1. Would you point out the residue of segment 39-67, among those that are modelled with pLDDT under 90 and among the polar types (S, T, N, Q), that is nearest to THR126 (Cα to Cα)?
2. Out of all the residues in segment 108-126, which are among the aliphatic types (A, V, I, L, M) and buried (at least 18 other Cβ atoms within 10 Å of the Cβ)?
3. How many residues are exposed (fewer than 15 other Cβ atoms within 10 Å of the Cβ), farther than 22 Å from GLU103 by Cα and touching a strand residue (DSSP E or B) at 6+ places or on another chain (Cβ under 8 Å) if we restrict to segment 53-76?
4. Filter segment 155-172 for residues that are assigned to a loop (DSSP other than H, G, I, E, B) and at pLDDT 90 or above and give the result.
5. Among the residues of segment 173-191 satisfying the criterion of being among the aliphatic types (A, V, I, L, M) and not in a strand (DSSP E or B), which is nearest to GLU7 (Cα to Cα)?
6. Condition first: in contact with a strand residue (DSSP E or B) (Cβ under 7 Å, 6 or more places away or on another chain), β-branched (Val, Ile, Thr) and at pLDDT 90 or above. Can you find one or more residues in segment 25-35 that meet it?
7. Determine if segment 9-17 includes at least one residue that is in contact with a Pro (Cβ under 7 Å, 6 or more places away or on another chain) and without any contact (Cβ under 8 Å) to a residue 24 or more places away in the chain.
8. Would you mind telling me which numbered condition in (1) part of a loop (DSSP other than H, G, I, E, B); (2) farther than 24 Å from ASN17 by Cα; (3) not basic (Lys, Arg) ALA108 fails?
Amino acid sequence: MELISKEEIDILGEIANISMGNAATALSIMLNQRVDITTPRISVINRSESLDDYEKTCIFVQIHYVKGLSGNNVLILKEHDVLSMTDMMMGGDGTSPDPEVNEMHLSAASEAMNQMMGKAATSMATLYDTMVDISTPDVHKIDVESVKTFEKMFESNSEKFIKISFRIEVSNVIDSTMVQLYPVSFAMEMVEKFRQRKAAGAIGKE
């Protein structure tokens, strides 16, 4: 039996398009730069494959949903992208960032992700017609080999995750990939809420 159907992948893609489109707008305002996020690519992966796209260190942003949805998900960012974004938030052009992420960068990343995912939550609240709210994101710099740190990032013990990959472009400075990970059970909760709203006629057919 397949873990997730094509219809469910399409629904997750639609939700991601709406929520991350608004998140990109929020980031654009913070950076004072044009931000483009492409149509997401969705796949089902094993927990052990989550960091395969990253080398050495990366930045994990954990988002907890405290209203409307029950669960959490993780955004994974490349270290250099966080450095460039932080430089732009502080008035630089992002082309000559600090050489290494420190607590200041993590704090700035937390604020940026709070704004982005707050906008994403607002979009989902409109989609589901219910209050959706998040707590302040937890941001961590982790070594890709640090499996123990990664294990602690999820409330779910699931070995399977939905991976949503976006290409993100910020002016001519960043052309990279942002990854969002959902435990399958949490992704299915979002799909079911979407179906219920669509059945009620609240979401128009394409």
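The values are calculated or read from the model by the stated rules, or taken from the named source; none is laboratory data. Everything quoted here is computed from the prediction, not taken from an experiment. Because the Cβ atoms are built from the backbone with ideal geometry, glycine has one as well, and the counts that use them run over all protein chains shown.
1. The qualifying residue nearest to THR126 (Cα to Cα) is THR39.
2. ALA108, ALA109, ALA112, MET113, MET116, MET117, ALA120, ALA121, MET124
3. Residues flagged as exposed (fewer than 15 other Cβ atoms within 10 Å of the Cβ), farther than 22 Å from GLU103 by Cα and touching a strand residue (DSSP E or B) at 6+ places or on another chain (Cβ under 8 Å) within segment 53-76 amount to 3.
4. Of all residues in segment 155-172, those assigned to a loop (DSSP other than H, G, I, E, B) come to 155-159, 171-172.
The answer is none; no residue qualifies.
5. So the first thing to find is which residues in segment 173-191 are among the aliphatic types (A, V, I, L, M), and the list is 173-174, 178-179, 181, 184, 187-188, 190-191.
From what is left, the residues that are not in a strand (DSSP E or B) are 173, 184, 187-188, 190-191.
Working: VAL173: 36, VAL184: 15, ALA187: 13, MET188: 12, MET190: 13, VAL191: 10 Å.
This residue is VAL191.
6. yes
7. Filtering segment 9-17 down to residues in contact with a Pro (Cβ under 7 Å, 6 or more places away or on another chain) leaves 13, 16-17.
Of the ones still in play, those that are also without any contact (Cβ under 8 Å) to a residue 24 or more places away in the chain are 17.
For segment 9-17, residues in contact with a Pro (Cβ under 7 Å, 6 or more places away or on another chain) and without any contact (Cβ under 8 Å) to a residue 24 or more places away in the chain: present.
8. Going through (1) part of a loop (DSSP other than H, G, I, E, B); (2) farther than 24 Å from ASN17 by Cα; (3) not basic (Lys, Arg) one by one, ALA108 breaks only (1).
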